[in-house]
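Read-outs throughout are calculated quantities, based only on the coordinates presented, and are distinct from any laboratory measurement. Predicted model, so just to flag it, every value in this text is computed and none were measured. Heads up, the Cβs are rebuilt from the backbone with ideal geometry, glycines too, and the neighbour counts pull from every protein chain shown.
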Amino acid sequence: MEAMDGVQLVHDVLDACLCDRNGRRIGRVDALALTLTEGKPLRVSTILIGGAVRAERVGTWMVRLRGAISAMLHHDRDFGVSRVPFSAVRGIGGTIELDVDGATLPSSRLERWLGDHIIGHIPGSQGENK
Amino acid sequence: MSRELLLSHLIGRQVRDADGLKVGRIEELLARIELHEHGNDYVVVEFHVGAYGLMEALTGGVFAQKLVQRIGSVVGYRRFRIPWEWMDLSDPLHPRLNHTRAELEARSVP
């Protein structure tokens, strides 16, 4: 197998785990946006994080299923897709380190909502003793 | 003028050469850091395109592609490393080489 001098976008980046500047896991690379300019090489511009973009990758049936589940749950909240510029990448290894605060990303809304409305109501979830 | 496209929209696309002949499907993009005054960017320097020979018709899906790559030499699987200058993405859904397949094969011979 030939050695690759560079980053393989499918093998090394797509679906890789992401950590914010505090070392907190903030999801995975659900999609990668590239900028196409005539006469220039494609530039890796943006990391996209969020269920909506992942569903689109799986197929239109998944987008429809996701929409149907949202409608069934009557939830009108947009849990959002985060767009992080690729220039915020600080390191690519087992995980990708980003120079962002994960708590401010729109894609973290679902996690916060689950924490507030479900996980927070489970006895012991606040770390209290028996 | 610049426009945005998603990596997932390119992966798996059939690439044709300048004469319209099938070359293979895009499997991987290799990016390298490009340094400039205002910082640095990752730019795509190579497209890796897999040709599946007789198994071509079965390799529309990712799973089938991975399977065929595993048994590569048996079914005539080949992978081409194509420099970005050779790839015409003016229609990203129908990528095209601005060279012929023969030129590509000549370049790929070790």
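What to note about this one:
- Mean-position separation - Cα centroids, the range A:1-50 and the range A:81-102, in angstrom: 9 Å
- Longest exposed-site-free window of chain A, the sites being GluC sites (Glu not before Pro) in a DSSP loop that have at most 15 other C-beta atoms within 10 Å: A:39-127
- A simple count of charges around B:THR100, restricted to other residues whose Cβ falls under 14 Å of its Cβ and scoring Lys, Arg +1 and Asp, Glu -1, yields 0.
- Neighbourhood net charge (15 Å Cβ-Cβ; Lys/Arg +1, Asp/Glu -1) for A:LEU36: -1
- Prolate/oblate/rounded label for chain A (Cα gyration tensor, a/c 1.5): oblate
- For B:GLU4, neighbours were defined as the other residues whose beta-carbon sits under 13 Å from its Cβ, and their charges (Lys and Arg +1, Asp and Glu -1) total +3.
- Peptide A:20-33 has a mean of 1 when you count, residue by residue, the C-beta atoms of other protein chains within 10 Å of its C-beta.
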